[in-house]
Amino acid sequence: MRLKGKNIILGITGSIAAYKAAMLLRLFIKEGAEVQVVITPAGKEFITPVTLSALSNKPVISEFFGANDGSWNSHVDLGLWADVMVIAPATASTLGKMANGIADNMLITTYLSAKCPVMVAPAMDLDMFAHPSTQRNISIIKEYGNIIVEPGEGELASGLEGKGRMEEPEKILEAVVHQLEVKKKLLNKSYLVTAGPTFEKIDPVRFIGNYSSGKMGYAIAEELAEQGAEVTLVSGPVSVSTTKPGIKVVKVESAEEMYTASVDCFSESDGAIMCAAVADFTPAKKEEQKTKRGKENWEIELTPTKDIAAELGKLKAEAQLLVGFALETNDEITNAQNKLQKKNLDFIVLNSLQDEGAGFGVDTNKITILEKGNKSTEFELKSKVDVAKDIVAKIIELNN
Ligand code: C5P
């Protein structure tokens with residue numbers, strides 16, 4: 001019973017290999033999984049929903065809406081329910097729809113809503129499989145993080161021989177078991193992550209802010225959660241969002257609010273990753289009414305904000321981990337090393353505005369991790385999602 005307690009969505013599409021999906025379903029059930037079948041209209045031409053609902057002990061989902069009774073199937077709920085989604089067989093058409101987000105059936109809407117790993121077992125004729133279009137779609141969905149269970153070589157339904165046969169159900173089962181057994185490395189850990197900019201109010205309609213998008217901090221929070229950690233994400237005003245289970249988002253606006261929210265939960269955490277671009281200064285006086293245009297210059301007095309990272313550095317217990325960021329424009333290494341010491345950080349992630357593709361707003365970043373004892377590791381330009389993986393890998397390494 002290697003899949004006991006696991007929820008699986010089995011997506012079936014219109015290929016002759018659909019008959020093998022019944023066997024795969026049987027194997028999942030025998031291993032203790034709860035399985036919800038979602039089948040495309042073409043899939044139903046190859047295998048009957050009656051067979052599949054009898055094997056899974058659940059009605060098969062195919063349509064968006066129930067039969068004339070006004071009910072509808074929620075692909076969003078399903079996408080959140082599953083521990084893994086397995087699309088077997090996956091036709092060339094379904095691969096194309098997945099790659100391009102063409103959500104014209106229940107299987108694709110469920111796929112787009114799925115928060116879990118998605119595994120895909122293509123099945124088609126050898127020439128269809130070899131076509132550049134199919135190969136491009138496969139590489140696109142791999143980039144999305146989906147896992148391809150490669151088809152085998154052999155006799156095909158067309159009578160031809162070659163690559164395109166859906167992998168055997170037993171092999172797909174093993175791939176799924178392996179995927180679910182990949183150990184999460186931060187189970188029972190909890191982290192505070194700060195993200196985004198802060199807005200410092202000048203008057204009711206104006207503020208001092210910065211260009212931080214929050215993308216890096218949100219990616220780190222999601223990767224920590226992916227590894228099993230509980231995350232409190234203290235976020236300044238951003239347009240990105242997350243619905244990943246395991247992340248509690250606390251929305252704040254000013255540096256002062258971010259400070260209070262962070263200090264509040266730090267003592268309960270195993271560590272904090274200070275990714276936010278916190279304002280260093282705030283208007284000494286916040287005007288109650290909108291300041292009107294006048295002939296005179298408008299001088300605004302600014303006072304320093306509290307340095308949240310430095311404060312947590314003082315509160316930090318031996319076992320807690322504190323990670324800071326440094327966005328520098330010059331003397332990068334020296335400045336970052338000074339911050340590492342001054343704020344009592346375990347490591348600091350340096351990104352330089354001199355590097356193309358690094359810093360605010362963009363989807364990529366190029367970082368160097370500096371640790372105590374002058375140890376530094378430089379990484380190449382990557383997507384912020386992959387940079388988050390490198391940072392979390394360092395946290396895991398230091399935890400051990
Ligand atoms: O000193 P500097 O602002 O460059 O330091 C950057 C690091 O300190 C980042 O990790 C940032 O999140 C944190 N910081 C903070 N509170 C501030 C200023 C910066 O937590 N008021």
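The values are calculated or read from the model by the stated rules, or taken from the named source; none is laboratory data. On a predicted model such as this, the values are computed, not experimentally measured, just so you know. Cβ sites come from the backbone with ideal geometry, for glycine too, and all protein chains shown count toward neighbours. For the accessible areas, the whole protein counts, side chains as well, though only heavy atoms, and no ligand, DNA or RNA atoms are used. Shrake-Rupley method; radii C 1.70, N 1.55, O 1.52, S 1.80 Å.
Amide H contacts for VAL84 (H built 1.01 Å from N in the peptide plane; partners 5 or more residues away or on another chain; cut-off under 5 Å): ASN7, ILE9. Dipole orientation for the chain: of the candidates THR260, TRP298, PRO245, THR260 has the Cα lying most toward the positive pole (charges on Cβ; Lys, Arg +1; Asp, Glu -1). Packing around the peptides 30-37, 326-333, 274-281, taken as the average count of other Cβ atoms within 10 Å per residue, puts them in this order, highest first: 274-281, 30-37, 326-333. Across segment 308-316, coupling constants 3J(HN,Hα) worked out from phi with the 6.51/-1.76/1.60 Karplus curve, θ = phi - 60°, read 5, 4, 5, 5, 5, x, 6, 7, 4 Hz, and Gly and Pro carry x. Among beta bridges identified by DSSP and lying wholly in the chain, the antiparallel ones come to about 35 percent.
For the residues TRP298, TRP81, a 1.4 Å probe over the protein chains yields an accessible-area ranking, largest first, of TRP298, TRP81. When the solvent-accessible area of the chain is split by element, carbon and sulfur atoms take up 50 percent of it, the probe being 1.4 Å.
Note on segment 7-181: along the principal axes its Cα atoms extend 46, 33, 33 Å, ordered by decreasing extent. Take each peptide in 83-91, 388-396, 206-214, count the other Cβ atoms within 10 Å of every residue, and average; sorted highest first, the result is 83-91, 388-396, 206-214. Take each peptide in 239-252, 218-231, count the other Cβ atoms within 10 Å of every residue, and average; sorted highest first, the result is 218-231, 239-252.
Figure note: LYS184, LYS314 ranked by solvent-accessible area, largest first, 1.4 Å probe, ligands and nucleic acids not counted: LYS314, LYS184.
Annotation: amide H-H contacts under 5 Å for LYS189 (H modelled 1.01 Å from N, sequence separation of 5 or more, or interchain): GLU230.
Can you compute the charge dipole magnitude of the chain about its Cα centre, using +1 on each Lys and Arg Cβ and -1 on each Asp and Glu Cβ, nothing else charged? Give it in debye, rounded to the nearest 20. For the chain, the charge dipole is close to 520 debye.
In order along segment 225-232, phi translates into HN-Hα couplings of 5, 4, 8, x, 7, 8, 10, 9 Hz, rounded to whole numbers, per the Karplus curve 6.51 cos²θ - 1.76 cosθ + 1.60 with θ = phi - 60° and x for Gly and Pro. When the listed pairs LYS306/LYS343; LYS6/LYS251; LYS6/LYS394; LYS248/LYS375; LYS185/LYS342; LYS189/LYS382 are checked against a 23 Å cut-off, the alpha-carbon distance exceeds it for LYS6/LYS251; LYS6/LYS394; LYS248/LYS375; LYS185/LYS342; LYS189/LYS382. For GLU63, the solvent-accessible surface with a 1.4 Å probe is about 90 Å², rounded to the nearest 10. Scanning residues 5 or more positions from ASN73 or on other chains, those with amide H under 5 Å from its amide H are PHE65, GLY66, with H placed 1.01 Å from N in the peptide plane. Restricting attention to segment 7-181, the count of lysine pairs at 8 or more positions apart or across chains with alpha carbons under 19 Å apart stands at 14. Taking 18 Å as the cut-off, the amide N atoms of segment 228-255 that come nearer than this to a point 7 Å along the Cα-to-beta-carbon line of LEU187 belong to 228-231, 245-247. Spatial offset of segment 125-197 relative to segment 247-283 amounts to 38 Å, using the alpha carbon center of each. Applying 0.36 nm per residue to the separation of VAL263 and LYS244 and subtracting their alpha-carbon distance, the gain on full extension is 4.5 nm.
The magnitude of the dipole of segment 148-218, with charges of +1 and -1 set on the Cβ of Lys/Arg and Asp/Glu and taken from the Cα centre, is near 800 debye. Multiplying the residue separation of LYS58 and ALA42 by 0.36 nm and removing their Cα-Cα distance gives an extension gain of 3.8 nm.
With a Förster radius of 45 Å applied to the beta-carbon distance between ILE29 and VAL362, the computed FRET efficiency rounds to 0.45.
If a spin label sat at a point 7 angstrom from the Cα of SER139 along the line to its beta carbon, the backbone N atoms of segment 83-109 nearer than 16 Å would be those of 96, 99-100. Within the shell defined by Cβ-Cβ distances under 14 Å, the residues around GLN341 carry a net charge of +4, with Lys and Arg each +1 and Asp and Glu each -1. Looking at the chain, the accessible area is 51 square angstrom per residue; that uses a 1.4 Å probe and ignores ligands, DNA and RNA. What percentage of all Cα-Cα pairs in the chain are separated by more than 41 Å? Value for the chain: 31 percent of Cα pairs lie more than 41 Å apart.
Applied to segment 375-390, the Karplus parametrisation 6.51 cos²θ - 1.76 cosθ + 1.60 on θ = phi - 60° returns per-residue 3J(HN,Hα) values of 7, 9, 10, 9, 10, 7, 5, 9, 5, 4, 4, 6, 4, 4, 5, 5 Hz, with x for Gly and Pro.
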